[in-house]
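Asker: Starting off with a structure, shown below.
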There are 2 protein chains.
Amino acid sequence: MTETTKPRREQIHDVASRLFSERGYHATSMRDLAGQLGMQGGSLYAHISGKEELLVEIVRGASQQFDEALFSLRDVNLPADEKLREAMFRHIQVVADNMDSATVFFHEWKHLSAEPYAQVVAWRDTIDIFYRDLVAQGVRDGTFRADLDVRAAANLILSAVNWTYTWYRPGGRLSPRDVAEQFADMLLSGLMAGELQ
Amino acid sequence: MTETTKPRREQIHDVASRLFSERGYHATSMRDLAGQLGMQGGSLYAHISGKEELLVEIVRGASQQFDEALFSLRDVNLPADEKLREAMFRHIQVVADNMDSATVFFHEWKHLSAEPYAQVVAWRDTIDIFYRDLVAQGVRDGTFRADLDVRAAANLILSAVNWTYTWYRPGGRLSPRDVAEQFADMLLSGLMAGELQ
DNA sequence: CCTACCGATCGGTAGG
DNA sequence: CCTACCGATCGGTAGG
């Protein structure tokens, strides 16, 4: 009995996330969408107001997932390196658990109209600041190297966790935890062998 | 006299790279393109065979730039860490020098038809292998840590250099060399302060 | 949720 | 390189 039917609106969002991520927003027609749901193109408008509403809600949903995962970490009292491990894990997990909407988020946000577009830009800043604060804290308390460029470090971390949407395969060899630990190990300790060997 | 006119075909490619990167492939119409060149939509077909030809050539051009930058490094005799620095610099420089076509490359290749699509997938593998070989060499000769996961390391490096297309601004505060050195410093030495302090 | 339809726009072509 | 046009398809609506 896994046949419990989701609300129609939710089904539409799920299919839209999948098609937008596979083909892109502009290459997906409302008729494509309707076809996957077994209805006619015009019937979609009984449930939604328009195509862009779908994009807006997918993008907003994804950014909220990131927010919920990361901002509860903000004031947690942990050593900077452990905090970074946990943040990277949560960040990657959001991507892994929402491959479709995360892909739409990273790929299609430029097609939003002015207002939601500006919200994404503002949101990106908050995430940037989250990682900069995390790094800055680690530098201040001596966990991280004193000569770190905080912006560059945050940028490198974000590159690692964001780029996962292009290559990660849920159900594959690596769990989100595996990826996070591998990346964090390398970022924290570096690739170089110790000087003494 | 910087008014030397480029060949029309090249102008079309330049404008197409810019519009495809700004708006996306499907959201750019042939009439948009023609308008920016001061001609009518139909007139484009005196110079090109179709819209997808433009996408194919932009994508192919970008991948060739990466090839030329990286593959001459393949058999150069350098310590692995220096080789990595140089590879990252060249990789980032290709992105920085070709922001438009690099963006199209990373963003729009999924819209290619079967054959050029498969070429991009195959190309990506060669780049992946390039970085894995570089890391593996460093592990073998003791430059890099013996416990490195080669695939993960290559993946992390690629995340850093590829993601630059989303944030780098040519002519801004940082040169491609700056970014490459910052990233390589952090990747090679890690973020952690030394154990003794 | 369907049928039937709207005006607009798409990539591309014919003929000059 | 332009004018004029093609069939196809787009997002969306009216009326039921």
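Asker: Any chance the range B:79-93 includes a residue that's at pLDDT 95 or above and within 15 Å of DNA strand C (Cβ to nearest atom)?
Answerer: No - not one qualifying residue is present in the range B:79-93.
Asker: Then there's this: Among A:Ser21, A:Ser72, which is the only one that is away from DNA strand D (no atom under 15 Å from the Cβ) and touching a His at 6+ places or on another chain (Cβ under 8 Å)? Walk me through it before giving the result.
Answerer: Values: A:Ser72 fails: touching a His at 6+ places or on another chain (Cβ under 8 Å).
Exactly one residue qualifies, and that residue is A:Ser21.
Asker: Take the range B:106-140 and flag every residue that is under 20 Å from B:Gly190 (Cα atoms) and within 10 Å of chain A (Cβ to nearest Cβ).
Answerer: B:Val135, B:Gly138, B:Val139
Asker: Filter the range B:178-194 down to residues that are in a helix (DSSP H, G or I) and touching a helix residue (DSSP H, G or I) at 6+ places or on another chain (Cβ under 6 Å) and give me whichever is most open to solvent (accessible area, probe 1.4 Å).
Answerer: So the residue we want is B:Gln182.
Asker: Further, regarding this structure: So B:Ala146 passes all but one of these: (1) away from every other protein chain (no Cβ under 11 Å); (2) open to solvent by 50 Å² or more (accessible area, probe 1.4 Å); (3) more than 25 Å from B:Ser17 (Cβ to Cβ). Which condition number does it fail?
Answerer: (1)
Asker: Right, something else. What number of residues within the range A:149-173 satisfy the criterion of being hydrophobic (A, V, I, L, M, F, W, C), surrounded by fewer than 20 Cβ atoms within 10 Å (Cβ to Cβ) and at the interface with chain B (Cβ under 9 Å from one of its Cβ atoms)?
Answerer: Going through the range A:149-173, the residues hydrophobic (A, V, I, L, M, F, W, C) turn out to be A:150, A:152-154, A:156-158, A:160-161, A:163, A:167.
Going one step further and asking which of them are surrounded by fewer than 20 Cβ atoms within 10 Å (Cβ to Cβ), we end up with A:150, A:152, A:167.
The next check asks that each one be at the interface with chain B (Cβ under 9 Å from one of its Cβ atoms); those that pass are A:152, A:167.
Qualifying residue count, the range A:149-173: 2.
Asker: If only one of B:Arg169, B:Arg151 is of a type in the set (Lys, Arg) and assigned to a helix (DSSP H, G or I), which one is it? If you could, list the steps in order and put the result at the bottom.
Answerer: Values: B:Arg169 fails: assigned to a helix (DSSP H, G or I).
After ruling out the rest, the residue left standing is B:Arg151.
Asker: Could I ask something else about it? Of all residues in the range A:37-56, how many are at negative phi and more than 13 Å from DNA strand D (Cβ to nearest atom)?
Answerer: Summing the residues that are at negative phi and more than 13 Å from DNA strand D (Cβ to nearest atom) in the range A:37-56 gives 1.
Asker: From the set of residues in the range A:1-55 that are hydroxyl-bearing (Ser, Thr, Tyr) and surrounded by fewer than 14 Cβ atoms within 10 Å (Cβ to Cβ), which is farthest from A:Gln119 (Cα to Cα)?
Answerer: Once the filter is applied, the top-ranked residue is A:Thr2.
The values are calculated or read from the model by the stated rules, or taken from the named source; none is laboratory data. As the structure is a prediction and not an experimental result, all values here were calculated from the model. Cβ sites come from the backbone with ideal geometry, for glycine too, and all protein chains shown count toward neighbours. Accessible surface is based on the protein model in full, side chains and every heavy atom, while ligands, DNA and RNA are left aside. Shrake-Rupley method; radii C 1.70, N 1.55, O 1.52, S 1.80 Å.
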